[in-house]
Every structure is written in C-alpha cells, then in structure tokens.
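A short write-up of the structure that comes next.
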Amino acid sequence: MADTESLRQIAHSRAPLSTWLGVVLLFALFGVIVLAIIGPMPRGSDYEETRAKKRMEKLKTLRDDAETALNTYAWVDKNKGVVRIPISRAMELTTAELAKQKPSPAGPIATPQAQSPAPPTSPGPATSPKPGAAQPTGSPSTPAPAGSASPATETAASPQTQAPASPPPAAQSAPSAPASPAPATTP
C-alpha cells in the first residue's frame with residue numbers, strides 16, 4: 001500500500017513541474033515570434049528621417065506642379081481648342097470685361113413689413129391714415145396733405161407726377177401693409 005501512495009505523491013508532484021516548464025516554453029516561443037516579426041523592421045531616427053524627407057519631396061513636387069498650372073499656358077483639350085492661361089492674365093481679362101459693362105439697375109426692393117391682424121371692413125372715423133402711406137388719389141375719404149394742392153389741381157398742374165391709379169406690384173402682394181409712396185415734386 002505504501003507503494004501506491006508514494007506513486008500518487010510522485011505523480012502529483014511532477015505534474016506541477018511539467019506545467020511550469022510548459023508555460024515557460026510557451027512564453028519563450030511567443031518572445032521568439034515577436035522578435036522575428038519586429039526584428040527586421042527599421043527602427044530609430046534614421047527611418048523617421050527618411051520618411052520625413054520623402055514627404056517633403058512629395059510636397060515640393062506637388063507645390064511646383066500647382067505653381068506651373070497657375071502660371072503657364074497649356075492645352076487642356078487640343079481637339080476642342082480649350083487652353084489654360086495664367087491666373088494673373090485671367091484676372092486682367094475679367095476685370096477689363098467687367099469694366100466695360102454698365103451696372104444694371106436694381107429692381108424694386110420690397111421690405112418685409114409686419115402682418116397686421118384683419119384690416120377693418122369699413123373705414124372708421126377714429127382711425128387716421130398713417131403718414132407716408134400710399135393713398136389713392138381720387139378717394140373722397142382721404143384728406144390731402146397740408147401744403148399740397150387738391151387732387152384736381154395736382155392733375156392739372158403736373159400730370160406726370162401723379163401717383164399711378166393701380167398700386168405697385170409690391171403693394172399688391174401684401175394688401176394689408178401700406179406702401180411708401182415716391183416723393184412727388186410739384187412746381
């Protein structure tokens with residue numbers, strides 16, 4: 001019986017030793033694999049310096065190509081007759097062309113005005129027209145501005161300065177907002 005117990009103790013004592021030996025060998029194998037992969041790669045400042053030099057050379061050639069494209073004549077498509085001209089010459093031609101053109105008049109400027117609630121359906125006696133608001137010339141309920149002639153006198157005196165009978169298009173789009181009239185000149 002003593003032999004079987006001693007054999008069990010020996011088997012148990014040798015198992016941890018072989019396990020430790022296997023673990024150490026696996027770490028050693030892993031280290032060898034890592035060194036085999038990393039070892040041939042260049043390290044140190046020489047490698048980074050050469051990469052930096054290559055990047056600088058590429059940047060210089062790219063800038064030189066861009067400079068030549070901006071400042072030289074060249075064919076873009078010879079079959080179609082399309083050429084590239086220097087940018088300074090293109091700017092000169094464009095400014096000369098724009099200087100020959102007359103500026104076009106601007107269209108009427110419609111200013112956004114606040115929307116009033118619903119306009120009253122019948123004119124009330126308590127409301128007075130806003131100063132500077134466009135008013136029809138032949139309306140009997142609108143008083144003439146102080147210092148100007150009556151509509152009949154105005155028509156006889158200067159027919160070209162009379163306000164048009166129909167409101168301008170900007171006033172038609174927003175009927176509730178008053179339009180500012182053009183200053184009338186009377187002789």
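Assorted remarks:
- Lone qualifier among 83, 76 - being in contact with a Phe, Trp or Tyr (Cβ under 7 Å, 6 or more places away or on another chain) and without any contact (Cβ under 8 Å) to a residue 60 or more places away in the chain: 83
- Residue list for region 68-88, restricted to those being under 30 Å from the mean Cα position of the chain (by Cα) and open to solvent by less than 50 Å² (accessible area, probe 1.4 Å): 69, 86
The values are calculated or read from the model by the stated rules, or taken from the named source; none is laboratory data. Everything numeric here is computed off the predicted structure, so don't read it as measured data. Don't worry about glycine lacking a Cβ; one is built from the backbone with ideal geometry, like all the others, and counts go over all protein chains shown. The area values use the complete protein model at the heavy-atom level, side chains included, leaving out ligands, DNA and RNA. Shrake-Rupley method; radii C 1.70, N 1.55, O 1.52, S 1.80 Å.
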